[in-house]
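Notes to accompany the following structure.
The values are calculated or read from the model by the stated rules, or taken from the named source; none is laboratory data. All of these numbers come straight from a predicted model, not from anything done at the bench. Don't worry about glycine lacking a Cβ; one is built from the backbone with ideal geometry, like all the others, and counts go over all protein chains shown.
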Amino acid sequence: MAMTDRAEYEVLVAGTGPVGMIAALACAKAGFQTAIAGPKASTADGRTTAIMHPGIDYLKSLSLGSFIETRGEPLRTMRIVDATQRLVRSPTVTFHASELDLPAFGHNVANAEFNAALETAILETPGIRRLEGLVASWHPSETHVDARMEDGTEIAAALVIAADGRGSSARLAAGIYVETQSTGQSAIVLSFSHTRPHEGISTEFHTESGPFTQVPLAGNRSSLVWVVRTDDAPSILALDPSELAVRIEGQMRSMLGRVTVETQPQTYPLSTSRPRRYALNRIALVGEAAHVFPPIGAQGLNLGIRDVESLVQVATRNREDIGAADALAAYEAKRRPDIALRSGVVDLLNRSLLSDLLPAQVARSAVFEALRTLSPLRNFFMQEGMRPGNGLRSLLPLKTRDRQAESRT
């Protein structure tokens, strides 16, 4: 194809992070002619991602289940520990997947490996055109969106899926205003080995600067997301590996024994981002183009997977024009409550950690005590954490749940 040719597709996905590549695979599976544009998938990302059980089910429908189950580490237990030194401290709350009759809440996977697996799947899937590079300009119209790549290639699509991150150029082209605010925190991420087994337990220590979260990896290894105040990050990054290992072991109260840092720490500034709309002018937002918040409770990618699932469902019901205003309005209505709830709860919890106000400490303690002692509330919280609506359905009588399940099939 000549560089000046204009290729037409039903869907153009902007962005080659995990959510963008999942979106391209899902659109192709649904039968849409799909193109995806972005740089080669990153294999330098030192982070890991906990993909929850509903997300894994969706990835299985895209033939990605074997990767998750063979390369991911099961998360059987999730624990929250108040590691602050404040006057009022919250009790430790432990959630077991067995309480939901599940072998695990999900699996923790290395982002670099996951990105590589998704890139391979993209290249091997018929019906997806891979465009390596960035979109230089966007031109939405009433009937389609024109995109010009940096190399001059021109693409037209009935629907653009903006998966190009928190600084999304596609979102800007759609005319969607976004409110962004720095939290004053940075996340330090790395992987480490330890002398005691983790037994499939992920522990989130809540500190005055944010969560310090250990997540199991294969063997006696774990990943770490350590949220600190941005001003404190340079001094931590300057520690040599042995000094850093001592800091990590102390922060975890030596619960996993001696620690050895395995990877070079990476740091990421944290912020919140709230777009006014989630779709407009034939451009729909997914992933971090649609929501950004601190890494608490393993919500980020799982929320992005639900974005994709909802968008493909709406597009499938509107095949005559998948980017029409009515279709985008349906997507927005479907996603807004879930995104607002998740981002709001995470933001509130993060703010409560940073607050020195006594009422905030008392409120956190009361909520965590209720979660610890009241099994129905804990079950509701776990179910809602996995998928919106699951908690409410769990409170219904069994016959009613069965009738609802039959109506969905």
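Yes or no, residue by residue, for (1) touching a residue at least 12 places away in the same chain (Cβ under 8 Å); (2) charged (D, E, K, R):
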position	(1), (2)
274	yes, yes
334	yes, yes
346	yes, no
363	no, no
Item to check | So residue 84, is it assigned to a loop (DSSP other than H, G, I, E, B) and of a type outside the set (A, V, I, L, M, F, W, C) | outcome: yes
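So, restricting to strands (runs of 3 or more DSSP E) that lie completely within segment 121-214, which ones have at least 1 residues that are under 30 Å from residue 250 (Cβ atoms) and modelled with pLDDT under 95? Even if it seems obvious, please write down each step before you answer.
On the way: elements: 128-132, 135-140, 145-149, 154-162, 178-194, 201-207.
Where strands (runs of 3 or more DSSP E) fall fully within segment 121-214 and carry at least 1 residues being under 30 Å from residue 250 (Cβ atoms) and modelled with pLDDT under 95, they are 178-194, 201-207.
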Next on the checklist: Just to verify a result, which residue in segment 103-120, among those that are in a loop (DSSP other than H, G, I, E, B) and buried (at least 16 other Cβ atoms within 10 Å of the Cβ), is nearest to the chain's Cα centre (by Cα)?
Outcome noted: 105
Next on the checklist: Given the condition of a type in the set (S, T, N, Q), without any contact (Cβ under 8 Å) to a residue 24 or more places away in the chain and out of contact with any Lys or Arg (no Cβ under 9 Å at 6 or more places or on another chain), answer yes or no: does some residue in segment 128-144 qualify?
Outcome noted: no
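Yes/no per residue for (1) outside any loop (DSSP other than H, G, I, E, B); (2) closer than 30 Å to residue 105 by Cα:
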site: 294; (1), (2): no, yes
site: 313; (1), (2): yes, yes
site: 319; (1), (2): no, no
site: 326; (1), (2): yes, no
Checklist outcome for this item: By residue number, the members of segment 45-80 that are more than 18 Å from the chain's Cα centre (by Cα), of a type in the set (Gly, Ala, Ser) and outside any helix (DSSP H, G or I) are 63
Next on the checklist: Just the residues that are under 27 Å from residue 288 (Cα atoms) and surrounded by fewer than 21 Cβ atoms within 10 Å (Cβ to Cβ), please, taken from segment 190-200.
Outcome noted: 191
Next on the checklist: Would you confirm whether or not segment 324-334 contains a residue that is modelled with pLDDT under 85 and surrounded by 13 or more Cβ atoms within 10 Å (Cβ to Cβ)?
Outcome noted: no
Next on the checklist: Take residue 219 and tell me if it is in a loop (DSSP other than H, G, I, E, B), touching an Asp or Glu at 6+ places or on another chain (Cβ under 9 Å) and either modelled with pLDDT of 95 or more or assigned by TED's automatic domain parsing to the domain that holds residue 12 (or both).
Outcome noted: no
Checklist entry - Does segment 25-40 include one or more residues that are more than 15 Å from the chain's Cα centre (by Cα), assigned by TED's automatic domain parsing to the domain that holds residue 374 and among the basic types (Lys, Arg)? => result yes
Item to check | Failed condition for residue 23, given (1) in a helix (DSSP H, G or I); (2) of a type outside the set (Lys, Arg); (3) surrounded by fewer than 24 Cβ atoms within 10 Å (Cβ to Cβ) | outcome: (3)
Checklist entry - Does residue 225 qualify as being buried (at least 21 other Cβ atoms within 10 Å of the Cβ), in contact with a Ser or Thr (Cβ under 7 Å, 6 or more places away or on another chain), in contact (Cβ under 8 Å) with a residue 60 or more places away in the chain and not assigned by TED's automatic domain parsing to the domain that holds residue 169? => result yes
Checklist outcome for this item: Per the list (1) among the acidic types (Asp, Glu); (2) surrounded by fewer than 18 Cβ atoms within 10 Å (Cβ to Cβ); (3) over 28 Å from residue 202 (Cα atoms), residue check on residue 99 breaks on (3)
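So is residue 99 under 18 Å from the mean Cα position of the chain (by Cα) and not in a loop (DSSP other than H, G, I, E, B) or not?
When the stated conditions are applied, residue 99 does not pass them.
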